[in-house]
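For reference, the structure is listed below as structure tokens.
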Amino acid sequence: MPDGVRLSATLTIPIPKQTDEKFPVLLEYKPYRKDDDFYNYNQPNNYYLVRRGFIVAKVDIRGTGSSEGILIEREYTSQELDDCERVIEQLAVDPRSNGRVGMHGLSWSAFNSLMMATLRRPPALRAIFAAHGSEDLYKNDIHFMDGILHQDEYILSVDHENALPATPDYIMNEQWMKERFTTRPWIDVYLEHQLDSAFWREHSIKYAYDNFTVPAYLLAGIYDSYRDFAINIYENARRSSSKIKVVIGPFAHAMPEYSYRNPGPGYDGKAELVRWFNYWLKDDDQYSDILDEPDITLFMRTSLTTGNYRYEPKWPIARQRIRRMFMYSRQRLVEKVEEKKEGTIDVDTLEYQPWIGFEAEDWWGSSLRDQRPFDEHCLIYDSDPISESMEIAGFVEASLQVSATAPLAHWIVRLEDVDINGQVWLVTGAALNGAQRETPLAYLEPNHLILDSVLKRLASKASQTNQNY
């Protein structure tokens, strides 16, 4: 790097068929220790891509894994992106490279792929493939999901992993102490920034959609907490980008081939990655068919373990219709509200029990089990069994009129599908931090009614007759 710090890069290079043959480069750039933690995961993927004509570059971020330098101050710093620009420049001028670089990855490496494609846009970066990324580092990332402090093992484990010495010798000396322990633990940093602010917005790409010009293949999972990101980016950036392709499939927070639950028809994520980069990084028109395909591929669940893929030319879906339902008296979910006598108010009350909810153990999306045990201590609003088949494809919104007896409270709403056997399955859900319902931040006024607090999350579900919500 310009300051003399050396980043550790592992290149896996195809054997050329001709002496002057050059190859495009696929870069994955993250802190998760490519030489030990991710070594076994990386190797088969590297060989798969190399055999298909790509140089594969794995790079540990500054101060992590096998790279030198003082650990970055937090995720997605300007230093991280500065270094990435330099890495892309070096890969592009490598004598074995054709000068074209693609970035790809899952989670962290999806996040910084999106940032490089939007906030930096180095000339050699020709396309990205981002799985389970985010456009909003505050409300759509692991730290303050929906504006609420999120409790996840990652928040603690990443600081422990950052402290590990570099491979291959794992030397623990003064240099190791300086590089890995000068920076504050990240959990302390994030706890100091519990509100949406410039701290989070600086590298949230939702504030720079007009700069999203690099072609992007966006992969989201219905069972992942970041399932909204791909559609949010597509809706807001497709006019700026030369091409955005979106796939929303039955995946958890993993690449499709490694996701622990993949109901329905199969999806070959690695083959799709190759198709995408074959077109954008190689001079061969035989791969242009990917541009003729519909922009949106959406998995429509018919149950927990079945479903089918739907292909849509654009979003929102043209034939989409809004269906409005009301949480009504006697805990009913109805489409028509009966007229009431003037001054009549229906109130449903829930006594808060602080130990309820933790048993779910999951973040949004990945709670696949029957929801009935979680519903026992919730307010439940049931519809009548539906009389005709219905598909939910889009963002479900919940508008609440609520109050609390405490100065701080969160509201959590889940939309669920009750099948003919009485089992209850999660369709989607969202949460609201009561202190953030308005600007500036304010405590709740006990027993004071809050009007029209809105929660919003993506859903994909088809229901048959005799089911209810």
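Just a few scattered comments:
- Cα Rg, Dmax, region 226-306, angstrom units: 14.1, 43
- Projected over every direction and averaged, the convex hull enclosing the alpha-carbon atoms of the chain yields 24.9 nm².
- Linear extension gain, A442 paired with K22, 0.36 nm per residue minus alpha-carbon span: 145.3 nm
- Sequentially through region 44-54, phi angles give Karplus couplings (6.51, -1.76, 1.60; θ = phi - 60°) of x, 5, 4, 5, 4, 6, 4, 5, 9, x, 10 Hz, Gly and Pro residues having no value and appearing as x.
- Cα centroid separation, region 386-447 to region 69-119 (Å): 38
- Here the Karplus relation 6.51 cos²θ - 1.76 cosθ + 1.60, evaluated at θ = phi - 60°, turns the backbone of region 13-21 into coupling constants of 10, x, 7, x, 7, 10, 5, 9, 5 Hz, with x for every Gly and Pro.
- Links that overshoot a 19 Å alpha carbon limit, given the list K245/K314; K245/K270; K245/K456; K270/K314: K245/K456; K270/K314
- For region 65-130, the alpha carbon convex hull comes to 99 Å³ per residue, rounded to a whole number.
- Between the amide H of G105 and those of F129, A131, distances stay under 5 Å, these residues lying 5 or more places away or on another chain, with hydrogens modeled in the peptide plane.
- A simple rule links phi to the HN-Hα coupling: the Karplus curve 6.51 cos²θ - 1.76 cosθ + 1.60 with θ = phi - 60°, which for region 297-304 gives 10, 10, 7, 9, 6, 10, 7, 5 Hz, with x for Gly and Pro.
- R100 long-range amide H proximity, modeled H, under 5 Å: V25
- The per residue volume of the convex hull around the alpha-carbon atoms of region 40-95 is 104 Å³.
- Computing FRET efficiency as 1/(1 + (r/R0)^6) for Y309 and L149, where r is the C-beta to C-beta distance and R0 is 35 Å, gives about 0.45.
- Efficiency of FRET from Cβ geometry, Q286 and L81, R₀ 22 Å, rounded to 0.05: 0.05
- With the simple model of a label 7 Å out from the Cα in the direction of the Cβ, R121 to D3 spans 2.7 nm.
- For I386, the residues whose amide H sits under 5 Å from its own are N466, Q467, N468, ignoring neighbours fewer than 5 places away on the same chain, with H placed 1.01 Å from N.
- Globularity ratio of region 326-463, using Cα Rg and 2.2 N^0.38 Å: 1.12
- Computed packing ranks the peptides 229-236, 128-135, 64-71 as 128-135, 229-236, 64-71, most packed first, by mean other Cβ atoms within 10 Å.
- Model label points for I317 and Y352, set 7 angstrom from Cα along the Cα-to-Cβ axis, are 3.8 nm apart.
- Working from label points 7 Å from Cα in the Cα-to-Cβ sense, the Q175 to E257 distance is 3.6 nm.
- Rounded to 5, the percent of DSSP beta bridges in the chain classed as antiparallel: 55
- You can think of it this way: the chain between F199 and D36 has 55.5 nm of extra reach, that is 0.36 nm per residue less the Cα-Cα gap.
- Scaled radius of gyration (Cα, divided by 2.2 N^0.38 Å) that region 209-349 gives: 1.42
- For region 1-94: rounded, prolate or oblate by the Cα gyration tensor [a/c cutoff 1.5]: oblate
Quick note: the coordinates plus some simple rules give every number you see, no bench work behind them. Because the structure is a prediction, the values reported are computed rather than measured. Glycine also receives a Cβ, built like all others from the backbone with ideal geometry; neighbour counts cover every protein chain displayed.
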